[in-house]
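*Asks:* Structure incoming, see below.
The values are calculated or read from the model by the stated rules, or taken from the named source; none is laboratory data. Note that this is a predicted model, so its numbers are computed, not measured. So basically every Cβ, Gly included, is an ideal-geometry build from the backbone, and we count neighbours across all protein chains shown.
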Amino acid sequence: MTRSFPGRRQILSVIAILFAVSWSFAPAWSQGTSTGASGLPVPRFVSLKSDRVNVRVGPSREHAVAWTFVQSGLPVEIIQEFENWRRIRDWEGKVGWVFHSLLSGRRTALVTPWEKTNRTPLRARSKSDADIVAELEPFVLTSVTECAGGWCRVNGSEYEGWLDQTRLFGVYPDEILED
């Protein structure tokens with residue numbers, strides 16, 4: 001039985017193709033903030049527009065579904081854009097591709113999804129000694145309307161106030177958002 005091994009030219013061609021493909025899918029965050037195909041900054045936070053969002057392994061409908069989100073409003077980070085597809089990362093660090101129309105520019109955040117039990121004080125003002133108006137459990141989904149000076153103004157159906165910005169997934173540390 002004779003085995004056929006690829007020649008040097010074929011090996012170099014395959015390496016070149018693999019390099020080009022891996023480079024085109026490299027996350028934008030590794031190169032700092034840039035502008036994506038949409039003309040918007042990458043990376044950036046957005047939220048899910050629908051209560052059913054398929055996340056795919058690649059940027060097309062032909063790629064397999066890796067998982068499905070089943071709650072609208074969840075914050076995700078866009079880390080790359082390819083035509084009408086957005087490569088996103090969730091709070092757990094999972095990465096996949098979502099069609100752009102399933103995402104919204106509305107800013108939301110999850111309160112301390114990395115913790116199991118510690119509550120986060122919601123303050124009346126953006127100061128660490130301001131009155132506590134509520135304590136929010138981990139995984140509370142909240143709308144974010146403003147961030148400045150390390151604090152974010154958040155609200156839900158039963159609360160409104162200021163949270164320490166480091167206690168949120170959905171905003172960058174020291175990011176400034178204007179109302």
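*Asks:* Report yes if Trp91 is crowded, with 19+ Cβ neighbours inside 10 Å and not small (Gly, Ala, Ser), otherwise no. Give the derivation first.
*Replies:* Values: crowded, with 19+ Cβ neighbours inside 10 Å: no; not small (Gly, Ala, Ser): yes.
Against the criterion (crowded, with 19+ Cβ neighbours inside 10 Å and not small (Gly, Ala, Ser)), Trp91 does not qualify.
*Asks:* Using beta carbons and a limit of 9 Å, which pairs, at least six apart or on different chains, have the first residue in the stretch 59-78 and touching a residue at least 40 places away in the same chain (Cβ under 8 Å) and the second one outside any loop (DSSP other than H, G, I, E, B) and small (Gly, Ala, Ser)?
*Replies:* Gly73/Ser47; Gly73/Ser104; Gly73/Ser143; Leu74/Ser47; Pro75/Ser47; Pro75/Ala109; Ile78/Ala28
*Asks:* Looking at Ala130, Ala109 in this structure, which one is touching a Pro at 6+ places or on another chain (Cβ under 7 Å) and of a type in the set (Gly, Ala, Ser)? Give the derivation first.
*Replies:* Working: Ala130 fails: touching a Pro at 6+ places or on another chain (Cβ under 7 Å).
Selected residue: Ala109, the only one of Ala130, Ala109 that is touching a Pro at 6+ places or on another chain (Cβ under 7 Å) and of a type in the set (Gly, Ala, Ser).
*Asks:* Wholly within the stretch 25-73, which strands (runs of 3 or more DSSP E) include no fewer than the required count, namely at least 2 residues that are over 14 Å from Arg87 (Cβ atoms) and at pLDDT 95 or above?
*Replies:* Values: elements: 44-48, 53-56, 65-69.
Because the criterion is at least 2 residues that are over 14 Å from Arg87 (Cβ atoms) and at pLDDT 95 or above, the strands (runs of 3 or more DSSP E) in the stretch 25-73 that meet it are 44-48, 65-69.
*Asks:* Scanning for something under 22 Å from Asp179 (Cβ atoms) and surrounded by fewer than 18 Cβ atoms within 10 Å (Cβ to Cβ), does the stretch 105-115 turn up at least one residue? Show your work before the answer.
*Replies:* Within the stretch 105-115, the subset under 22 Å from Asp179 (Cβ atoms) is 105-111.
Filter once more, so that each one left must be surrounded by fewer than 18 Cβ atoms within 10 Å (Cβ to Cβ): 105-106.
Yes, the conditions are met somewhere in the stretch 105-115.
*Asks:* Name the residue that is surrounded by the most Cβ atoms within 10 Å (Cβ to Cβ), counting only residues in the stretch 149-163 that are touching a Ser or Thr at 6+ places or on another chain (Cβ under 7 Å) and not in a loop (DSSP other than H, G, I, E, B). Reasoning before the result, please.
*Replies:* Taking the stretch 149-163 and keeping what is touching a Ser or Thr at 6+ places or on another chain (Cβ under 7 Å), we get 149, 151, 153-156, 162-163.
Filter once more, keeping what is not in a loop (DSSP other than H, G, I, E, B): 151, 153-155, 162-163.
Working: Trp151: 20, Arg153: 19, Val154: 27, Asn155: 13, Trp162: 24, Leu163: 25.
Among them, the one singled out is Val154.
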